[in-house]
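Below is one structure, written out as structure tokens; the observations come after it.
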Amino acid sequence: MFSDILLTVDYDRTLTAPDSTVPARNLEAIRYFTDNGGKFTLNTGRSIPMSAHNILNKVPVNAPLLLYNGSAAYDTQSGEMLLCHPIALDPRAVITDVQNRFPQLTLEWQGVDAHYIFKKNPGWEAYCDHNQCAWGYKEFEDIPGPFLKFSVYGEFRKKTVADMYNASPQEVALFRDVQDYIMGKYGDVLDFFLPCARIADLHAKGCSKLRAARDLQKMLGCKILICVGDGDNDLTMLQGADYAFCPADGTVAHSFPNVCPCGDGAVAEVIYEKIPGILKNKP
């Protein structure tokens, strides 16, 4: 029934509710979709370490995960990366530079085995533990794997990803300064996204959720790409998909066809209500 379709979905506040739980209705719908031939995966800014438990042990994906905002595709069966687009910069130079410019913020290298920072931060440790993400402190030269992505974090007031969506006007202004500084100095090499108010993601220029989704679509031989997302880092994916949908409470909901709020099972509504209409109207 769904064998022509690749469905790629953002994780936080698209598949998940605002409290970071995955509505049971979504999981039920994904199983129905994949049992009937559809290819389903997550298309997320999250890394391999932050996906291993939070996604693979919860969500019945049946296609490689698209991670690091499109910088990598990870085959869950073989444990290998099928696509990899590292940042063409010296990580020590760029991360040290940004950390020195904004000492009140936390700079993190998201590796393939764990997340790393370079100065003690108990709040960050608790955040990683809560999200079941391996973490550590290392020197740059001791971190294994390619330089795929680094993130800038605001204050860790709570342990949840959901809390990072909340920011004061002063924090919003600070992250605007971060964007201006990084893009002014490294904009020819890096792309900058704000997946939520107190997290900025940086990865190799030209990588995107759309590029990764189209590469995977070609790899799998699917005819139709359907994408669901909620935020600014989903824009390219939504704009370039064959069909795109946004939860009604998403920050870019005004630009795309809406489904119900994420906490009510937005992905399930796409599967149960939108996809049958798409297939019915296809020539």
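Read the figures in this text as sums done on the coordinates, not as results from a lab. None of these values were measured; they are calculated from a predicted model. Positions of Cβ are backbone-derived with ideal geometry, glycine not excepted, and every protein chain shown enters the neighbour counts.
Taking amide H positions as modeled 1.01 Å from N, with prolines and chain starts lacking one, the residues under 5 Å from H203 and 5 or more places away or on another chain are D191. Going from the fewest other Cβ atoms within 10 Å to the most, the residues S255, S151 appear in the order S255, S151. When DSSP beta bridges are restricted to pairs lying wholly in the chain, around 55% turn out antiparallel. Our coupling estimate for segment 162-167, obtained by passing each phi through the Karplus curve with A = 6.51, B = -1.76, C = 1.60 and θ = phi - 60°, is 4, 5, 6, 7, 9, 8 Hz, Gly and Pro reported as x.
Shown in residue order for segment 137-146 are the 3J(HN,Hα) couplings computed by the Karplus curve 6.51 cos²θ - 1.76 cosθ + 1.60 at θ = phi - 60°: 10, 8, 6, 3, 5, 9, 7, x, x, x Hz (x for Gly and Pro).
Only aspartates and glutamates eight or more places from K119 in sequence, or on another chain, were considered; those with a Cα closer than 14 Å are E108, E139. Here the extension length gained between K138 and N62 equals 24.0 nm, from 0.36 nm per residue of separation less the Cα-Cα distance.
For segment 244-253, the Karplus equation 6.51 cos²θ - 1.76 cosθ + 1.60, evaluated at θ = phi - 60°, returns couplings of 9, 9, 9, x, 4, 9, x, 6, 10, 4 Hz by residue, with Gly and Pro reported as x. Partner lysines whose Cα lies under 21 Å from the Cα of K209, excluding those fewer than 8 positions away in the same chain, are identified as K39, K149, K218, K223. Computed from the C-beta positions of M183 and A248 and an R0 of 51 Å, the FRET efficiency is 0.95 to the nearest 0.05.
Placing a pseudo-label 7 Å from each Cα along the Cα-to-Cβ vector at T160 and N100 gives an inter-label distance of 3.9 nm.
Within the chain, the cysteines lacking any other cysteine Cβ closer than 4.7 Å to their own Cβ are C84, C196, C207, C222, C227, C246, C260, C262. In terms of surrounding Cβ atoms within a 10 Å radius of their Cβ, M1, M81 rank from fewest to most as M1, M81. Using only the Cα atoms of segment 91-204, build the gyration tensor, take square roots of its eigenvalues as a ≥ b ≥ c, and label the shape rounded, prolate or oblate: rounded if a/c is under 1.5, else prolate if a/b is larger than b/c, else oblate. Oblate shape, in that a/c is at least 1.5 and b/c is the bigger or equal ratio.
Seen against the Cα atoms of the chain and their longest principal axis, helix 209-220 is set at about 50 degrees. Once you reduce segment 35-60 and segment 1-21 to the center of their Cα atoms, the two points are 9 Å from each other. Counted by neighbouring Cβ atoms within 10 Å, the residues Y243, Y68, Y272, Y137 run from fewest to most as Y137, Y272, Y243, Y68.
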